[in-house]
1. Just need a number here: residues in region 16-57 that are at pLDDT 95 or above, within 16 Å of the ligand (Cβ to nearest atom) and surrounded by fewer than 24 Cβ atoms within 10 Å (Cβ to Cβ).
2. Confirm whether K149 is closer than 23 Å to P62 by Cβ and not small (G, A, S).
3. Given the criterion of a type outside the set (F, W, Y), in a loop (DSSP other than H, G, I, E, B) and within 16 Å of the ligand (Cβ to nearest atom), identify the matching residue among N136, N131, N117.
4. Under 27 Å from G296 (Cβ atoms), hydroxyl-bearing (S, T, Y) and buried (at least 21 other Cβ atoms within 10 Å of the Cβ) - does that describe any residue in region 98-110?
5. Filter region 97-114 down to the residues that are touching a Lys or Arg at 6+ places or on another chain (Cβ under 9 Å) and part of a helix (DSSP H, G or I), then identify the one that is nearest to V140 (Cα to Cα).
6. Does region 221-243 hold any residues that are part of a loop (DSSP other than H, G, I, E, B) and either surrounded by fewer than 16 Cβ atoms within 10 Å (Cβ to Cβ) or in contact with a Cys (Cβ under 9 Å, 6 or more places away or on another chain) (or both), and which are they?
7. Report, by residue number, each residue of region 155-185 that is among the hydrophobic types (A, V, I, L, M, F, W, C) and crowded, with 21+ Cβ neighbours inside 10 Å.
8. Tally the residues that are closer than 18 Å to Q247 by Cβ, assigned to a loop (DSSP other than H, G, I, E, B) and more than 15 Å from the ligand (Cβ to nearest atom), restricting the search to region 165-220.
Amino acid sequence: MLLSSAEKNAVSKICDAIKRHRNFILTSHQAPDGDGLGCELAFLRILRRLGKKTLVINEMIPSQVYNFLPGYSETLTVDSYREKKFIADAVMVFDCSSKDRIGKPLVFIPESAFVINIDHHEGNTLFGNVNWVCRNRSSVGEMCYFIAKYLGFIDKKVSECLYVSILTDTGSFRHNFNSDTINVVSELLKTGIDPENIADNVYHNNSLQALKLLGYALVSLQFDSALRVAWAVLPEQIFKQTGATEQDTEIVIDMLRSVEKTDFVFLAKERRNEVKFSLRSRKHFNVRNIAEHFGGGGHNNAAGFSIKDCTLASAIEKLFRYLRQMNTGRNAWTGF
Ligand SMILES: [Mn+2]
């Protein structure tokens, strides 16, 4: 289990910064996923043990499926944070490619706060005072293991959080992992965590609202054989009708991924005057390029973007116009 010398250097800089500061905000991208949340909760525990005042704040409430993790109920959003009257001198930002993507919690980050940026997204803007960005790592949870180890603090609860990060970001060990990942997981398992119980909590814990949303999305499923793409749509009224939230769409995009004979899939979600697209692809096909064309970003195989002031139908039409244009004259458009 190796860290390159650049990585070792980053880990020691991060640990020095942790030791030097007292009041920490922990945060991630707007709708924190299992990776970001796992890291936040691992460090909530670690930093408090080190005697630091620490709060977790996100723009959106993390999915309820993670409510079994230690510290979940302490995570704050903007309103609950404001009541704490807390002034941070340091911030740890996990799994977030740019400062903007933190969203609303940004207003609580003082100009003078020391920013620690830990991420694995390609195109991270290196917005921190110290940055550890490694796109070859499965998850930020895998990276955080090394920091926790350096600080000498890996117990069962921390391991549980980091395991959830790795489990969810690799799609249950289906993609984006290597022998380093498995070595880290092996160390986490030695603390006595129960992977079966964790999987049960994460994957067999869907709300009725989320499943109804999935039902609607599957009925809307479409397929274009020339472009080898499948997609589904979620109009705004479906969220109202089912009571489902943005986080509940994760299960939908996951299911879309399983459609046969596709290079990639997408889900288009309508929110007020905006249409948000989530894209997923098979290994050989890059969807980050598509997302970047529309001002978004992400990973090669998982990316997203949004189109503002647009109806669902016209946003999808814009996307297809671009896709057809890129596809013209190519046999396989894996490389564009
Ligand atoms: Mn991640």
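1. Residues in region 16-57 being at pLDDT 95 or above, within 16 Å of the ligand (Cβ to nearest atom) and surrounded by fewer than 24 Cβ atoms within 10 Å (Cβ to Cβ): 1 in total.
2. Numbers: closer than 23 Å to P62 by Cβ: no; not small (G, A, S): yes.
The answer is no for K149.
3. On the way: N131 fails: in a loop (DSSP other than H, G, I, E, B); N117 fails: in a loop (DSSP other than H, G, I, E, B).
That would be N136, the only listed residue that is of a type outside the set (F, W, Y), in a loop (DSSP other than H, G, I, E, B) and within 16 Å of the ligand (Cβ to nearest atom).
4. If we filter region 98-110 for residues that are under 27 Å from G296 (Cβ atoms), which is where we start, we get 98-109.
In the following step, the residues that additionally are hydroxyl-bearing (S, T, Y) were identified as 98.
With buried (at least 21 other Cβ atoms within 10 Å of the Cβ) added as a condition, the list becomes none.
No, there is no match, as no residue in region 98-110 is under 27 Å from G296 (Cβ atoms), hydroxyl-bearing (S, T, Y) and buried (at least 21 other Cβ atoms within 10 Å of the Cβ).
5. Quick first cut of region 97-114, residues touching a Lys or Arg at 6+ places or on another chain (Cβ under 9 Å) only: 106, 108-109, 114.
Going one step further and asking which of them are part of a helix (DSSP H, G or I), we end up with 106, 108.
Working: L106: 20, F108: 23 Å.
Residue satisfying both the conditions and the ranking: L106.
6. Going residue by residue through region 221-243, those that are part of a loop (DSSP other than H, G, I, E, B) are 221, 225-228, 235, 243.
Of everything in region 221-243, those that are part of a loop (DSSP other than H, G, I, E, B) and either surrounded by fewer than 16 Cβ atoms within 10 Å (Cβ to Cβ) or in contact with a Cys (Cβ under 9 Å, 6 or more places away or on another chain) (or both) turn out to be L221, S225, A226, G243.
7. We begin by selecting, within region 155-185, every residue among the hydrophobic types (A, V, I, L, M, F, W, C); these are 158, 161-162, 164, 166-167, 173, 177, 182, 184-185.
Those that are among the hydrophobic types (A, V, I, L, M, F, W, C) and crowded, with 21+ Cβ neighbours inside 10 Å: V158, C161, L162, V164, I166, L167, V184, V185.
8. 4
The values are calculated or read from the model by the stated rules, or taken from the named source; none is laboratory data. Quantities reported herein were computed from a predicted structural model and do not represent experimental measurements. Cβ: placed from backbone, ideal geometry, glycine included. Neighbour counts: every protein chain shown.
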